[in-house]
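A.B. asks: I'd like to ask some things about the structure below.
The values are calculated or read from the model by the stated rules, or taken from the named source; none is laboratory data. These numbers were taken from a predicted model, which means no experiment stands behind them. Don't worry about glycine lacking a Cβ; one is built from the backbone with ideal geometry, like all the others, and counts go over all protein chains shown. What goes into the accessible areas is simple: the full protein's heavy atoms, side chains included, and nothing from ligands, DNA or RNA. Shrake-Rupley method; radii C 1.70, N 1.55, O 1.52, S 1.80 Å.
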Amino acid sequence: MDNIAGSKSSLRWAVHLSVAFLVVLWLIPTVGLLVSSFRTTDQISTGGWWRALMTAEHNLILRTAPPSTQTQINGKYVVTGSLAKSGTDLDIRVWGVSSRAIDDYTPGATAKLSKGGEITVSKDGHYRMEHTLPFTGKRGTRIFLSSALPPEFTLDNYHKVLFDPKNVEGMGQAFLTTMIVTIPATIIPILIAAFAAYALAWMQFPGRALLVAFIVGLLVVPLQLALIPLLKLHLNIGIGKGFIGVWLAHTAFGMPLAIYLLRNYMVGLPKDIIENARIDGATDFQIFMKLIVPLSFPALAAFSIFQFLWTWNDLLVAKVFLIDSSGQTVVMTAKLVEMLGTRGGNWEILATSAFVSIVVPLLVFFSLQKYLVRGLLAGSVK
Amino acid sequence: MTQLKLSNIDKSYGNGVCVLKDINLDINSGELLVFVGPSGCGKSTLLRMIAGLETITAGELQINGQSMNDMPPSKRGIAMVFQSYALYPHLTVRENMAFALKIAKQSPAQIDAAVDNAAKKLQLEDYLDRLPKALSGGQRQRVAIGRAIVRDPQVFLFDEPLSNLDAALRVATRIEIARLKESMPDRTMIYVTHDQVEAMTLATRIVVLADKGIAQVGTPLELYNTPANEFVAQFIGSPAMNLMPGKIVATGEQTTVHLDAGGVAISNISTIDADAGKVVNVGVRPEDLMLASGEFMLEAKVDITEALGEYTLLYLQQTDGAENFIAKLSGTHKELRDQTIQLMANPGKVHLFHEGLGMH
């Protein structure tokens, strides 16, 4: 009975499980990056991102107020106050007066001090230190404690990375630069390739098949092969390193795949529709604008997603054709590489920068993905 | 008045394959001309050449006296309805119908008037704002026809417009097309089909295409009653005409043929003395055969009967098993199965073919 159409086969479960597996595989690092980007340095040092919602424990060494603040009450010298710094809360689990035994006392218990006297520490950090003799010394007594650290999320990292007026991290600038590179580098090849694909799919001219074969052949030419000659050309004709150069390079490198994808899609559009438009009096340009472009939207969307993603994530082409010694045209990928060196310990900064660099591709993908699966031709023929 | 003139038209493709050869045809204004023929006979190609979607290899196409060989489709004054409807899927019904007019830069008021008029004619008013995917097959085909009407062309071209519809809808749409033709008596329509019923019911004249050329042109009943050759005789009418070989033994006002299988056929076709002794095929339509007593034309064993209530089809096998024939008798005749029966036909319904061509 396994072969009956519509019955659940074990293969279906395999498919579901693999999909679930891939989703989890993708989600873990992405969510991790997102969560980490909202945590503080302290939070990151206490535990991994998956514990961000749990209360963490951290050990602190705090000092009581210095002996100079002692008062005499009923013949005893007393120092009172709170261990918590102003504006923060303490949630003390255990505490101690020696670094070797920080968990000797529970909140509310009284400990004997080594120099004489005793101290009582309550749960919220308030303490009362008493001695029959005056306390001496310049500094307060050290209290070792283990306190619960409540979950804390902050937008400070984003502020620091993107909007810091001094632009210390340089990510804001890099974000803009990447945008300036990516958007034209996506639109220009799509425009050119769509026209070319229409011509190669629907217009009759000698050598068309050869041209298609040539373009397919270009697909296998590695990009690295063209880096040096192309850069030389750019320098010779006066474009030099800069945005125009990188746009042209991305356009050229994206073109074979763009034409190939779009042509293959357009060639599959129903011939009758185009012939009918021809009888209706439409010129090739009108057929292209009014029929082919709207009907090719899934293919155009698919290619723009690809082109956007790999120009966004590109490092090599930007390094060769764009980034010069001025440092004004550093794209995000290059900036991230730099920061790995200079800010290698500041995970919150790195995580935030990394998330900034993936959030746009994610938005692009999720906003366009429905066009990838939607059938636009329904109802046209038969 | 002749509106379309096809002179010596040939069509062959680059690889030397010839599909149509030496087509000569005059199409009159206001006619509904139907191209029929077996699949692959080039009927759609001929239509597409008239439309301008295929180049004409040789010969000349004239519309209203003007050569159209190199004229782009839009300038030929034609509109075409495709088998697959070819609707623009991303445009609503209204936009589909308005497309050609917008291209022609007509004013919005003109466009609206033309679209509304066509929609009314085809009962599409309620669907004007729908996309094609929200329509049924019949509605889609009506939109395709509407799109042609809106342009108000001199010549309508239909390329198997009903083939994608189910049987009931096909009949309904066929009648609609007939009505449409009646409402536009001065418009010429050229209609390609492989369905005989469509051809017989719709056509002013039928063009039967076979073997790269035209087998016969004529009104439906001319083709049925006086087929020019064996191909047309067997192509028109269903089931196909029976052909029985024989030899002419008596000529004159009536012709008598002795059939090879033993029967005698008398035909009202007159022959001259020189025809005596000619080897001919005697053609009789299944519906013209009737049970005989005494003189008979055909004696055969009934192999299978198909009773359809209104009539019964008898599949006959001659005793030597050489040829199979079909007879169509009115009423129910299941009892005849496995019996040997004798059949004859009215002399007025007996056709004679000599070397494939009809004798008249």
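A.B. asks: B:Asp152 is checked against (1) open to solvent by 10 Å² or more (accessible area, probe 1.4 Å); (2) at the interface with another protein chain (Cβ under 10 Å from one of its Cβ atoms) and fails just one. What number does that condition carry?
C.D. replies: (2)
Matching residues to (1) assigned to a helix (DSSP H, G or I); (2) away from every other protein chain (no Cβ under 14 Å):
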| site | (1), (2) |
| --- | --- |
| B:Ile9 | no, yes |
| B:Gly40 | no, yes |
| B:Leu46 | yes, yes |
| B:Leu87 | no, no |
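A.B. asks: Would you check if B:Met80 is part of a strand (DSSP E or B) and closer than 28 Å to B:Leu165 by Cα?
C.D. replies: Answer is yes for this residue.
A.B. asks: Among (1) within 34 Å of the chain's Cα centre (by Cα); (2) open to solvent by 50 Å² or more (accessible area, probe 1.4 Å), which single condition is A:Ile73 missing?
C.D. replies: (1)
A.B. asks: Is it the case that the stretch B:285-298 has a residue that's touching a helix residue (DSSP H, G or I) at 6+ places or on another chain (Cβ under 6 Å), open to solvent by less than 20 Å² (accessible area, probe 1.4 Å) and in the same structural domain as B:Leu352 (by TED's automatic domain parsing)?
C.D. replies: So far as the stretch B:285-298 goes, no, none of its residues is touching a helix residue (DSSP H, G or I) at 6+ places or on another chain (Cβ under 6 Å), open to solvent by less than 20 Å² (accessible area, probe 1.4 Å) and in the same structural domain as B:Leu352 (by TED's automatic domain parsing).
A.B. asks: Can A:Thr41 be described as touching a helix residue (DSSP H, G or I) at 6+ places or on another chain (Cβ under 9 Å), among the β-branched types (Val, Ile, Thr) and more than 24 Å from A:Asp156 (Cα to Cα)?
C.D. replies: So A:Thr41 fails the test.
A.B. asks: For the stretch A:275-286, give me each residue that is within 14 Å of B:Met97 (Cα to Cα), within 7 Å of chain B (Cβ to nearest Cβ) and in a helix (DSSP H, G or I).
C.D. replies: A:Asn276, A:Ile279
A.B. asks: Filter the stretch A:335-382 for residues that are at pLDDT below 80 and surrounded by 19 or more Cβ atoms within 10 Å (Cβ to Cβ) and give the result.
C.D. replies: Once the filter is applied, which keeps residues that are at pLDDT below 80 and surrounded by 19 or more Cβ atoms within 10 Å (Cβ to Cβ), the stretch A:335-382 yields A:Gly379, A:Ser380, A:Val381.
A.B. asks: Would you pick out the residues in the stretch A:287-334 that are part of a helix (DSSP H, G or I), open to solvent by 10 Å² or more (accessible area, probe 1.4 Å) and among the hydroxyl-bearing types (Ser, Thr, Tyr)?
C.D. replies: Within the stretch A:287-334, A:Ser304, A:Thr333 meet the criteria.
A.B. asks: Kindly indicate whether any position in the stretch B:96-105 is β-branched (Val, Ile, Thr), within 14 Å of another protein chain (Cβ to nearest Cβ) and surrounded by fewer than 14 Cβ atoms within 10 Å (Cβ to Cβ).
C.D. replies: no
A.B. asks: Somewhere in the stretch B:201-211, is a residue among the hydroxyl-bearing types (Ser, Thr, Tyr) and either surrounded by 19 or more Cβ atoms within 10 Å (Cβ to Cβ) or in contact with a helix residue (DSSP H, G or I) (Cβ under 6 Å, 6 or more places away or on another chain) (or both)?
C.D. replies: Checked against the condition, which is being among the hydroxyl-bearing types (Ser, Thr, Tyr) and either surrounded by 19 or more Cβ atoms within 10 Å (Cβ to Cβ) or in contact with a helix residue (DSSP H, G or I) (Cβ under 6 Å, 6 or more places away or on another chain) (or both), the stretch B:201-211 yields no hits at all.
A.B. asks: When A:Pro270 is evaluated against the numbered criteria (1) more than 14 Å from A:Phe195 (Cβ to Cβ); (2) open to solvent by 20 Å² or more (accessible area, probe 1.4 Å); (3) more than 7 Å from chain B (Cβ to nearest Cβ); (4) touching a residue at least 60 places away in the same chain (Cβ under 8 Å), which criterion, by number, is the only one it fails?
C.D. replies: Only one criterion in (1) more than 14 Å from A:Phe195 (Cβ to Cβ); (2) open to solvent by 20 Å² or more (accessible area, probe 1.4 Å); (3) more than 7 Å from chain B (Cβ to nearest Cβ); (4) touching a residue at least 60 places away in the same chain (Cβ under 8 Å) is unmet by A:Pro270, namely (3).
A.B. asks: Tell me the helices (runs of 4 or more DSSP H) entirely within the stretch B:97-212 that contain at least 3 residues that are free of Cβ contacts under 8 Å to residues at least 12 places away in the same chain and within 24 Å of the chain's Cα centre (by Cα).
C.D. replies: Where helices (runs of 4 or more DSSP H) fall fully within the stretch B:97-212 and carry at least 3 residues being free of Cβ contacts under 8 Å to residues at least 12 places away in the same chain and within 24 Å of the chain's Cα centre (by Cα), they are B:167-183.
A.B. asks: Can you tell me which of (1) open to solvent by less than 90 Å² (accessible area, probe 1.4 Å); (2) in contact with a Gly (Cβ under 9 Å, 6 or more places away or on another chain); (3) at pLDDT below 85 is the one A:Val79 doesn't meet?
C.D. replies: Of everything listed in (1) open to solvent by less than 90 Å² (accessible area, probe 1.4 Å); (2) in contact with a Gly (Cβ under 9 Å, 6 or more places away or on another chain); (3) at pLDDT below 85, A:Val79 misses just condition (3).
A.B. asks: Output the residue which, of all residues in the stretch B:121-139 that are charged (D, E, K, R) and in contact with a helix residue (DSSP H, G or I) (Cβ under 6 Å, 6 or more places away or on another chain), is farthest from the other protein chains (Cβ to nearest Cβ). Step through it out loud before you land on a result.
C.D. replies: As a first pass, look at the stretch B:121-139 and keep what is charged (D, E, K, R): B:121, B:125-126, B:129-130, B:133.
Subsequent filtering for residues that are in contact with a helix residue (DSSP H, G or I) (Cβ under 6 Å, 6 or more places away or on another chain) retains B:125, B:130.
Details: B:Glu125: 19, B:Arg130: 9 Å.
In this case the residue turns out to be B:Glu125.
A.B. asks: Same structure, new question: Tell me which residues, restricted to the stretch A:287-311, are in contact with a His (Cβ under 7 Å, 6 or more places away or on another chain) and more than 14 Å from chain B (Cβ to nearest Cβ).
C.D. replies: If the condition is that a residue be in contact with a His (Cβ under 7 Å, 6 or more places away or on another chain) and more than 14 Å from chain B (Cβ to nearest Cβ), then A:Thr311 is the only one that fits.
A.B. asks: Within the stretch B:254-284, track down each residue that is under 20 Å from B:Gly237 (Cβ atoms), surrounded by 15 or more Cβ atoms within 10 Å (Cβ to Cβ) and in contact with a helix residue (DSSP H, G or I) (Cβ under 6 Å, 6 or more places away or on another chain).
C.D. replies: B:Ser267, B:Gly283
A.B. asks: So which residues in the stretch B:343-360 are out of contact with any Pro (no Cβ under 8 Å at 6 or more places or on another chain), under 19 Å from B:Gln216 (Cα atoms) and not hydrophobic (A, V, I, L, M, F, W, C)?
C.D. replies: B:His354, B:Glu355, B:Gly356, B:His360
A.B. asks: Do the conditions hold for B:Gly30, that is, is it outside any strand (DSSP E or B), more than 22 Å from A:Glu275 (Cβ to Cβ) and without any contact (Cβ under 8 Å) to a residue 40 or more places away in the chain?
C.D. replies: Details: outside any strand (DSSP E or B): yes; more than 22 Å from A:Glu275 (Cβ to Cβ): yes; without any contact (Cβ under 8 Å) to a residue 40 or more places away in the chain: no.
Considered against the rule, which asks whether it is outside any strand (DSSP E or B), more than 22 Å from A:Glu275 (Cβ to Cβ) and without any contact (Cβ under 8 Å) to a residue 40 or more places away in the chain, B:Gly30 comes out as no.
A.B. asks: What are the residues in the stretch A:97-150 that are free of Cβ contacts under 8 Å to residues at least 40 places away in the same chain, assigned to a loop (DSSP other than H, G, I, E, B), among the hydroxyl-bearing types (Ser, Thr, Tyr) and open to solvent by 50 Å² or more (accessible area, probe 1.4 Å), if any?
C.D. replies: The answer is A:Thr106, A:Ser114.
A.B. asks: Can you say whether B:Val192 is at pLDDT 90 or above and within 14 Å of B:Leu33 (Cα to Cα), as far as the supplied structure shows?
C.D. replies: The answer is yes for B:Val192.
A.B. asks: State whether the residues of the stretch B:67-74 include one that is within 14 Å of another protein chain (Cβ to nearest Cβ), within 27 Å of B:Gln3 (Cα to Cα), within 22 Å of the chain's Cα centre (by Cα) and buried (at least 20 other Cβ atoms within 10 Å of the Cβ). If you could, list the steps in order and put the result at the bottom.
C.D. replies: Within the stretch B:67-74, the first condition is being within 14 Å of another protein chain (Cβ to nearest Cβ), and the residues that meet it are B:68, B:71-74.
Subset that is within 27 Å of B:Gln3 (Cα to Cα): B:68, B:71-74.
Imposing the further condition that a residue be within 22 Å of the chain's Cα centre (by Cα) reduces the set to none.
No: the stretch B:67-74 contains no residue that is within 14 Å of another protein chain (Cβ to nearest Cβ), within 27 Å of B:Gln3 (Cα to Cα), within 22 Å of the chain's Cα centre (by Cα) and buried (at least 20 other Cβ atoms within 10 Å of the Cβ).
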